[in-house]
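Values in this text are rule-based calculations from the coordinates and carry no lab data. Given the structure is predicted, the values throughout are model-derived calculations rather than measurements. Positions of Cβ are backbone-derived with ideal geometry, glycine not excepted, and every protein chain shown enters the neighbour counts.
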């Protein structure tokens, strides 16, 4: 994703940063993505373009990269050994059947992972909000003082 696209959006820095944060959040959560980002942008009155950009920048590849971190976070919160969750997750995936999703033993594996993804996505979404807002406001102030930042 080119950062310059964010600077060309005609909206307030707060709405742009909120949209990007919602996009990052939805992009990290497996199974969600651009459509969820657009829906969240509507609900939270955020910029839809930046929400889409945030989602596309993080969708799938970051979910995969954060898989083990999500397991550790979720298992830690639920006070379960993360290695046990990881092993159970791989066993579940290797013998996947839809009916297994409703078994209590599987919930013991799925819930920590989903909780970990949610916490991580929330953290990265909030972090991206503040970083984006800081950059957009800095760039706005620089443009007011006549400093040329475009290349």
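Values for this structure:
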| read-out | value |
| --- | --- |
| Protection proxy ranking of 79-86, 68-75, 91-98, 50-57 - average other beta-carbon atoms within 10 Å, highest first | 50-57, 68-75, 79-86, 91-98 |
| Helix 48-58 axis, angle to the chain major axis (alpha carbon atoms, nearest 10°) | 50 |
| Inverse of mean 1/r across different Cα pairs in the chain, Kirkwood, Å | 16.7 |
| At R0 = 22 Å, FRET efficiency that the Cβ-Cβ distance of residue 140 and residue 56 yields, to 0.05 | 0.35 |
| Cα long-axis angle, helix 34-43 against the chain (0 to 90 degrees, to the nearest 10) | 60 |
| Label point distance in nm, residue 102-residue 131, each placed 7 Å from Cα along Cα→Cβ | 4.2 |
